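Readers should treat all values here as calculations from the given coordinates under stated rules, not as data from a laboratory. This structure is a prediction, so every number in the text was calculated from the model and none was measured. Don't worry about glycine lacking a Cβ; one is built from the backbone with ideal geometry, like all the others, and counts go over all protein chains shown.
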Amino acid sequence: KSETFWTTTGMFPQEFIIGFPKCVKISKVAIQCYLVRTLRIERSISKDPVGFEQCIEKDLQHTEGQLQMEEFPLPDFQATYLRFIIKSAFDHFVSVHRVMAEGT
């Protein structure tokens, strides 16, 4: 829902995990967030959310008063779980408004 979002509790790092019903092929991940400085995305191909490996880590641009919109192309990428780690922020709290994964 576009009117809902997830917010951090004030300390960093903060993380959330998105799980798929089975291992899927992902070609791109996109995120809409606010005040995130450093974001890391990890994946797991295990049945349970364990054994994560780092895929991407990026410093995002500060966009005052606007959502940050980042896309990450992921060629030949498979995952059962994606873990998003917000390592640092431009303020005490950040928000994540949408996460999209494209693939099969």
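Mind listing which trypsin sites (Lys or Arg not before Pro) in the stretch 1-90 are in a DSSP loop and have 13 or fewer other Cβ atoms within 10 Å? Numbers along the way, then the final one.
Working: sites: 1, 22, 25, 28, 37, 40, 43, 47, 58, 83, 87; in loops: 1, 47.
Those satisfying the criteria are 1, 47.
Please check the chain for the longest run free of GluC sites (Glu not before Pro) that are loop-located per DSSP (anything but H, G, I, E, B) and have at most 15 other Cβ atoms within 10 Å. Excluding the exposed sites themselves, the longest stretch runs over 4-63.
Applying Stokes-Einstein at 10 °C and 1.306 mPa s to the Kirkwood radius of the chain, computed over alpha-carbon pairs, gives a translational diffusion coefficient of 113 µm² s⁻¹.
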